[in-house]
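Working notes, structure below.
The values are calculated or read from the model by the stated rules, or taken from the named source; none is laboratory data. Because the structure is predicted, anything quoted here is derived from the model rather than measured. Every residue, glycine among them, receives a Cβ derived from its backbone with ideal geometry; neighbour counts consider all protein chains shown.
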Amino acid sequence: MFRYHGSWLSASLNLDREQGKGMIHSPMSKLSELDGLDLQSLDEKGAPVKTRLKDVKSAVGIFSTLLKADEKSAVNRARVDAMFDGAAPYDSSRLMVSGQSLKTNLNFGEAQRLLDISLSAYVDLYTSLERLVEVKATAGERSEVGPKEEIVAEELTHLFRNWPEFHSSFLRLCTHFIKHGVGIAYFDSVDDWRFKVGSFADFLIPRQSPASEENIDIAVGRRQYHLHELYHFIRNEKASGSVGWNVDEVKRVMMKNVRNSGRARGNQYSDYEAFQAEIKNNDLYEGIQNPTVDVLHFWVREMDGSISHYICAENEPKDFMYKRVSRYEKPEQAYVLFSYGVGSNGTYHSIRGLGQRIFSHVQTSNRLRCQQIDGAMLSSAVMIQPENQRSLDELQFTFYGAYAVMSPNVKIVEKAIPNLGTAVQPALQDLTQQLQLNTDTVSTYGPQQGSPYRNQMQVVSDMDVATRLSGSTLNLFYASWGRLLREMVRRVAQSKKSDAAVKDFYARCEKRGVESNFIKGLDVERTKAVRSIGNGSLANRLVSLRELQGISGQFDDVGRRNLTRDIVSSRVGHDLADRYVPAEVESRPAMDAKIAILENGELQQGKPIPVVGNELHGQHLQAHVPVLQQIIDGIDAGQVDPQQALPMLQAFYQHISETVQFASGDAALGGLVSQTKQVLQYAEEAINNTMKALEKIQREQAQAAADQGQQPTGPSEVDMKLQKAEIEMQIAQQKAELDMALKQRKFDQEQAMRDAKAALEFREDQT
């Protein structure tokens, strides 16, 4: 039974209008009134002041002003967060008051799905990379410093990724600027390379600040510290005071916020020494028993462009807990802002994230879906009308097998229910299309089943419902990401190695032959973030790598091997890629080239050299083939004795033929293999011609000896024929093996194409 209220639809519409609250927009004039901040510029004599932040009272006043100016934006952010967190589109209390408690009130998760799609693209930007950064030395020959730069980049990547909070911090950073338009990475410590993550909810700047860190006059960060964290800053009071900490103020704040414990008198400790002993002996207990302390960080841009850093308590501060004028040379050394766009007027607060772009659409979509479900429930329900209240109270159904008996004085009403589906579905489809248009930075690609003209790139894209980041969004991200990584590298390079992770980094580098002076001498300003192939999409990355395969014949052995490793890594990840294409092979080209040169010396003496499968065969062919060609040219020109050249020809021919068999398995070496085969044909002719020349010489020598009545010396004609037959048999065998290998490879390629075609046809049939 479903009780139908005649005013249900009209009440729903009224509720929609009441609950359809969107973002709050404030006139810019009111906001600009709040931007009058107590920052000094010139002193009484007209000279630039040493510091623009006068005292802690001015600092707290600036914080209050910025917090007041951000109130309406905070409400908007809260509504957006609620939408992503699954908040229902209607207020349940208002539904109950209006008699609509049975109305469907669900959040269908469309916003979270769009956020996950967008976030996955940014995660791919760094998870798909083997190295996060590219570093450069200040001086030195490229052949010497290049390998060291790669080692440092690898170890820096290892350092960053081994930070337990790196992945979660990166996700939170991306989530902030995707949802709300701006995310902030900042350093609350002077030396620590680990960044903190915030948003405009806990990082305040003047509302008219242009979207550039260089134009932010003051930034305020809100943080909470446990007491033992504050104590860590001043545990060595003399050293702490020398770097800018106000030890007395930190002690006062800690004692003010400490709670009662077993050794305390009342609500506060009797003296700081007792508290210090407690926290030393029972650090974990103190961290649990005592509340966090609200702390404000101030970063102020001075008149010379440097950045000063201040720290004070948020509640009733008497002085700064930390003060360091002109601590940083530029803002990125203190904080880096990530933006989702450039905004409507070029300011940070005009930038709109994904949440505000889709808020109205998602709310409307949720309500339409709720109404569609309500319509379905109404249309499937039986409408019963009791004649009076008593009939309603006594209403019951009694079942007798296949029959049911209903109470008297009631009747079934046939009432037409509007078919909401016919009106809702077109509206939902239009909303979905509008959402795709509004989320232009994130494009979802689905299979285009209806088109019979799909090319290879479209097929690969269909295999992965992929995400793509637009060029503008990608450039904005990498600009900020590069600045953040550059500052992290600077802090690691200039670290005093007091951090255990940094110590391990230096030890790993020294173990691989990179001294600490090289790291400290890095040209930090040239540090770059390594860009991912594919713009955040696995499908796009595979297509790009496939295109590179088409021109890989122009690469050297290292380039081709790197390409192969990138392809393998895209499928199995960088950790498992070493099983198939070891990264250490990058240091082998010089070694293989040197080995090939040494082999040339042995082959010129007629000594056979076996071929090893894991060699860089391109390097060997490039070293061996010119020498073989030189021998052939010398024989043709009559500059080389054929009898002396024959062992060399045989040795080079056999070795190069075996090398070609291995190199034929690498499609990227196809051009080099074809050229080598031509030279081998010339070598085969040279061997045959040399054999014929030697036979002729042998016959002439034998005839001359017989004319003089002497016994022939050297090998007989029969021996020469046997030797010739043996060589020809070896040549034929090698050619047969080579042809077999080429045929097998061709068969494997054709079979793979047939399998791919069959899989594609099966997929199309299924869809």
task: Would you point out the residue of the stretch 473-497, among those that are over 30 Å from A211 (Cα atoms) and in contact (Cβ under 8 Å) with a residue 40 or more places away in the chain, that is surrounded by the most Cβ atoms within 10 Å (Cβ to Cβ)?
output: S495
Those residues of the stretch 312-335 which are under 33 Å from the mean Cα position of the chain (by Cα), assigned to a strand (DSSP E or B) and not basic (K, R), in sequence order: Y328, Y335
message: among the hydrophobic types (A, V, I, L, M, F, W, C) and touching a Ser or Thr at 6+ places or on another chain (Cβ under 8 Å): is that true of A705 in this structure?
response: yes
- request: Within the stretch 218-248, track down each residue that is aliphatic (A, V, I, L, M), surrounded by 14 or more Cβ atoms within 10 Å (Cβ to Cβ) and outside any helix (DSSP H, G or I).
  value: I218, A219, V220
- prompt: Scanning the stretch 617-645 for residues that are β-branched (V, I, T) and in a helix (DSSP H, G or I), which turns out nearest to the chain's Cα centre (by Cα)?
  reply: V625
Out of L173, L159, L129, sole residue that is of a type in the set (A, V, I, L, M), under 30 Å from V568 (Cβ atoms), touching a residue at least 60 places away in the same chain (Cβ under 8 Å) and touching a Ser or Thr at 6+ places or on another chain (Cβ under 7 Å): L129
- request: Among residues belonging to the stretch 206-215 that are assigned to a loop (DSSP other than H, G, I, E, B) and under 28 Å from the mean Cα position of the chain (by Cα), point out the one that is surrounded by the most Cβ atoms within 10 Å (Cβ to Cβ).
  value: A211
- prompt: Would the stretch 551-570 turn up any residue that is among the basic types (K, R) and surrounded by fewer than 18 Cβ atoms within 10 Å (Cβ to Cβ)?
  reply: no
field: Single match in V49, V97 (criterion: surrounded by 13 or more Cβ atoms within 10 Å (Cβ to Cβ), at pLDDT below 90 and among the β-branched types (V, I, T))
entry: V49
message: If a residue must be touching a residue at least 24 places away in the same chain (Cβ under 8 Å) and not in a helix (DSSP H, G or I), how many such residues does the stretch 89-101 contain?
response: 6
Cross-chain or 6+ apart pairs with Cβ under 6 Å, the stretch 305-329 first and more than 22 Å from D191 (Cβ to Cβ), then surrounded by 19 or more Cβ atoms within 10 Å (Cβ to Cβ) and β-branched (V, I, T): A313/V253; P317/V56; D319/V56
The stretch 604-618 residues that are at positive phi, paired with ones that are part of a loop (DSSP other than H, G, I, E, B) and surrounded by 12 or more Cβ atoms within 10 Å (Cβ to Cβ) (beta carbon under 6 Å, 6 or more apart): none
- prompt: Looking at this structure, is L115 among the aliphatic types (A, V, I, L, M) and either closer than 26 Å to F359 by Cβ or assigned to a helix (DSSP H, G or I) (or both)?
  reply: yes
message: If I ask for residues that are farther than 21 Å from R560 by Cα and not in a helix (DSSP H, G or I), which ones from the stretch 646-678 would you list?
response: none
query: Hey, any hits in the stretch 351-362 for a residue that's closer than 26 Å to T51 by Cβ, in contact with a strand residue (DSSP E or B) (Cβ under 7 Å, 6 or more places away or on another chain) and not in a helix (DSSP H, G or I)?
result: no
query: Taking the stretch 515-531 as the search range and keeping residues that are in a helix (DSSP H, G or I), within 27 Å of the chain's Cα centre (by Cα) and of a type in the set (A, V, I, L, M, F, W, C), which one is surrounded by the fewest Cβ atoms within 10 Å (Cβ to Cβ)?
result: V524
Search result, residues across the stretch 619-659 that are in contact (Cβ under 8 Å) with a residue 60 or more places away in the chain and either in contact with a His (Cβ under 8 Å, 6 or more places away or on another chain) or farther than 21 Å from D592 by Cα (or both): Q650
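Table: residues versus (1) surrounded by fewer than 17 Cβ atoms within 10 Å (Cβ to Cβ); (2) hydroxyl-bearing (S, T, Y); (3) modelled with pLDDT of 90 or more; (4) more than 34 Å from the chain's Cα centre (by Cα).
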{"position": "M23", "(1), (2), (3), (4)": "yes, no, no, no"}
{"position": "G36", "(1), (2), (3), (4)": "yes, no, no, yes"}
{"position": "V60", "(1), (2), (3), (4)": "no, no, yes, yes"}
{"position": "S64", "(1), (2), (3), (4)": "yes, yes, yes, yes"}
{"position": "A74", "(1), (2), (3), (4)": "yes, no, yes, no"}
{"position": "D85", "(1), (2), (3), (4)": "yes, no, yes, no"}
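Which residue is modelled with the lowest pLDDT, if the candidates are limited to the stretch 679-712 and must be of a type in the set (G, A, S) and closer than 30 Å to T659 by Cα?
Checked the stretch 679-712; the qualifying residue modelled with the lowest pLDDT is A693.
Any chance the stretch 276-296 includes a residue that's of a type in the set (A, V, I, L, M, F, W, C), at pLDDT below 85 and either over 42 Å from the mean Cα position of the chain (by Cα) or farther than 25 Å from D192 by Cβ (or both)?
Yes, the stretch 276-296 contains a residue that is of a type in the set (A, V, I, L, M, F, W, C), at pLDDT below 85 and either over 42 Å from the mean Cα position of the chain (by Cα) or farther than 25 Å from D192 by Cβ (or both).
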query: Hey, among the residues in the stretch 133-187 that are assigned to a helix (DSSP H, G or I) and among the hydroxyl-bearing types (S, T, Y), which one's surrounded by the fewest Cβ atoms within 10 Å (Cβ to Cβ)?
result: S143
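For residues that are charged (D, E, K, R), part of a helix (DSSP H, G or I) and touching a residue at least 24 places away in the same chain (Cβ under 8 Å), tally how many sit in the stretch 499-514.
Result for the stretch 499-514: 2.
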field: Residue list for the stretch 144-181, restricted to those being among the hydroxyl-bearing types (S, T, Y) and within 18 Å of V524 (Cβ to Cβ)
entry: T157
- line: How many residues of the stretch 188-197 are out of contact with any Lys or Arg (no Cβ under 8 Å at 6 or more places or on another chain) and in a strand (DSSP E or B)? The answer is 0
message: I'd like to check something: does the stretch 530-548 contain any residue that is under 20 Å from Y126 (Cβ atoms), touching a Lys or Arg at 6+ places or on another chain (Cβ under 8 Å), at pLDDT 90 or above and not charged (D, E, K, R)?
response: yes
